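Chemist: My questions all concern the structure below.
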Amino acid sequence: MPISLSIEPTTACNLGCPECPSGLKKFTRPTGKLDLALHEKMLSQVSKSVFYINYYFQGEPFLHPQFLDLIRSAKRHKIYTATSTNAHFVSAEKAKEIVASGLDRLIISIDGLTQETYESYRVHGRLDKVIEGTKHLINAKKAAKSKTPHLIFQFLAVKPNEHEIPEVFHLGKEMGVDEVRIKTAQLYDYKNGNPLMPENETYARYKKNIDGTYSLKYKTGNHCWRMWSSSVLTWDGKVVPCCFDKDAQHVLGTLENASFKEIWNSPSYRGFRNAVLNNRNDIDICKNCSEGAKVWA
């Protein structure tokens, strides 16, 4: 059984990021939110082996009206909890609730230090809301004398904002977040270049070839430890192999018809693992995978 999971609270999102199927509204699967009863069913089936749950897959978690109920329930099972947010819905009161819920780790996507650079990727977003929400969280932690959630500023490196990378570390330290990370961007159309691709190849997942085309710069051999250590559950109870299957094209089972343990050990799951071991590059979601990619902190 896996030691970690990603559980999707919702596929809904308030932003329109250009490399995100949720933001672009390009999913073939339905938009919805995780039912609390289904969530309890998930936890009852995995809590003996799972010690870490990332409550994020696609969408903005805090658009789920009962999101913190999910966190509180996982904490009752003594599971470490994490999530990622665009921080547009973190009021002073919500920040207090987040701290009180026991959430262990919270990634805050900042992705720009001016409104112009921020909204070039976070379309329809407001940088001032991100800064305001972060301040609320820091103040709520101080008021509660709480070390959690561990707050991470995550800066997605793209061409419009890469010149601001040194400054985001200063901002994080000045504000009092616990950590700053620079994340490389997954780009769907990269072979002939992409306007979002950073000029500094250090911050890119892709390298320029002699013929002028681009390719993934990380080795993608016939292996993937995630196939044996983790899994992803969508808001409607489907089980997919990993976070790169954003549109759930490789459904290995559904909790409506089987238990998670049955799905985990099923012929379809074993067949997918076997395909990874034999010819990983034939699997569509594996062709643009950053497993093993560096995170700068």
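Chemist: Could you check the spin-label model distance between residue 51 and residue 262? Points 7 Å from the Cα along Cα→Cβ, value in nm.
Modeler: Here the modelled spin labels are 3.0 nm apart.
Chemist: Largest first and to the nearest Å, give the Cα extent of the chain along each principal axis.
Modeler: Cα spread of the chain along its principal axes, largest to smallest: 55, 51, 29 Å.
Chemist: Another question about this same structure. For q = 0.12, 0.15 Å⁻¹, what log10 I(q)/I(0) does region 37-195 give under the Debye formula with an equal point scatterer on each alpha carbon and no solvent?
Modeler: Taken in order of the listed q values, log10 I(q)/I(0) reads -0.56, -0.84.
Chemist: Dividing the Cα radius of gyration by the Kirkwood radius, what Rg/Rh value follows for region 1-81?
Modeler: Result: Rg/Rh = 1.00.
Chemist: Round to the nearest 0.05 the FRET efficiency obtained for residue 75 and residue 229 when R0 = 22 Å and r is the Cβ-Cβ distance.
Modeler: 0.50
Chemist: Can I ask one more? Between residue 211 and residue 124, what is the label-point separation in nm under the 7 Å Cα-to-beta-carbon projection?
Modeler: 3.9
Chemist: Then there's this: If you take the beta carbon distance between residue 202 and residue 19 as r and set R0 to 25 Å, what does 1/(1 + (r/R0)^6) give as a FRET efficiency, to the nearest 0.05?
Modeler: With a Förster radius of 25 Å, E is 0.85.
Chemist: Given a cut-off of 31 Å, name the pairs among 129/238; 147/238; 147/183; 26/75; 48/129; 41/287 whose C-alpha atoms lie farther apart than that in the structure shown.
Modeler: Violating the 31 Å limit, Cα to Cα: 129/238; 147/238; 26/75; 48/129; 41/287.
Chemist: First compute the accessible area of region 149-297 with a 1.4 Å probe, then give the percent of it belonging to carbon and sulfur atoms.
Modeler: So the carbon and sulfur contribution to the accessible surface is 50 percent.
Chemist: At a Förster radius of 51 Å, what calculated FRET efficiency corresponds to the Cβ-Cβ distance of residue 97 and residue 192, to the nearest 0.05?
Modeler: 0.65
The values are calculated or read from the model by the stated rules, or taken from the named source; none is laboratory data. A quick note: this is a predicted structure, and the numbers were derived from the prediction, not measured. All Cβ positions, glycine included, derive from the backbone under ideal geometry; neighbour counts span all protein chains shown. Only protein heavy atoms, including side chains, enter the accessible area calculation; ligands, DNA and RNA are left aside. Shrake-Rupley method; radii C 1.70, N 1.55, O 1.52, S 1.80 Å.
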